[in-house]
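Derivation of every value follows stated rules applied to the coordinates shown; laboratory data play no part. None of these values were measured; they are calculated from a predicted model. We place every Cβ from the backbone using ideal geometry, glycine too, and count neighbours over all the protein chains shown.
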Amino acid sequence: MKVHNTLGNGFQEVIYQRCLAIELGNVGLGFTREQEHTIYYNGIEVGTRRADFVVENKIIVELKALINLEDVHLAQAKNYVVAYGFDIGLLINFGATSLQYKKVFNSKTNPVNPQIK
């Protein structure tokens with residue numbers, strides 16, 4: 001929230017990514033930016049995707065800078081969490097007037113609550 005409160009909306013995603021990296025470092029969280037992950041289909045490598053952030057090697061964080069989040073963005077974040085084998089993810093949109101964020105769960109590792117929050 002500090003990044004959005006400081007900058008507001010209207011910047012490109014990479015600007016928010018750099019600022020969030022500063023803030024994560026300031027609070028002492030371990031993270032990797034743009035960590036590449038291999039995507040498999042039926043055990044066959046079909047490509048790679050870079051996560052915006054992997055925080056504490058536990059949470060995938062996907063950033064957007066859009067006027068409004070849509071269902072396709074939530075589906076994308078959920079797919080990344082499942083494909084990378086993480087239990088939880090966070091989708092953050094800095095492009096709206098008010099900060100938007102959604103918590104997503106891996107339906108394969110969290111069957112009790114597989115829905116997007």
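Worth pointing out:
- For the range 2-105, the dipole from Cβ point charges (+1 on Lys and Arg, -1 on Asp and Glu) about the Cα centre works out to 180 debye, to the nearest 20.
- Under a 5 Å amide H cut-off, with hydrogens placed 1.01 Å from N, residue 31 pairs with 56 among residues at least 5 apart or on other chains.
- Share, in percent, of DSSP beta bridges within the chain that are antiparallel, nearest 5: 75 percent
- Correct option for volume of the Cα convex hull per residue in Å³ [calculated from the coordinates] among (1) 122; (2) 93; (3) 105: (3)
- Label-to-label distance, nm, for residues given as residue 29 and residue 6 (7 Å Cα→Cβ offset): 1.4 nm
- For residue 108, a cut-off of 12 angstrom between C-alpha atoms picks up these aspartates and glutamates, skipping any fewer than 8 places away in its own chain: 87.
- Taking a straight Cα-Cα cut-off under 20 Å and skipping sequence neighbours fewer than 8 places away in the same chain, the aspartates and glutamates within cross-link reach of residue 64 are 13, 23, 34, 36, 52.
- Distance (nanometres) between label positions extended 7 Å along Cα→Cβ at residue 21 and residue 68: 3.2 nm
- Dividing the summed helix terms, -39500 (n - 2.57) for each DSSP H run of n ≥ 4, by the number of residues in the chain produces a 222 nm estimate of -9000 deg cm²/dmol to the nearest 500.
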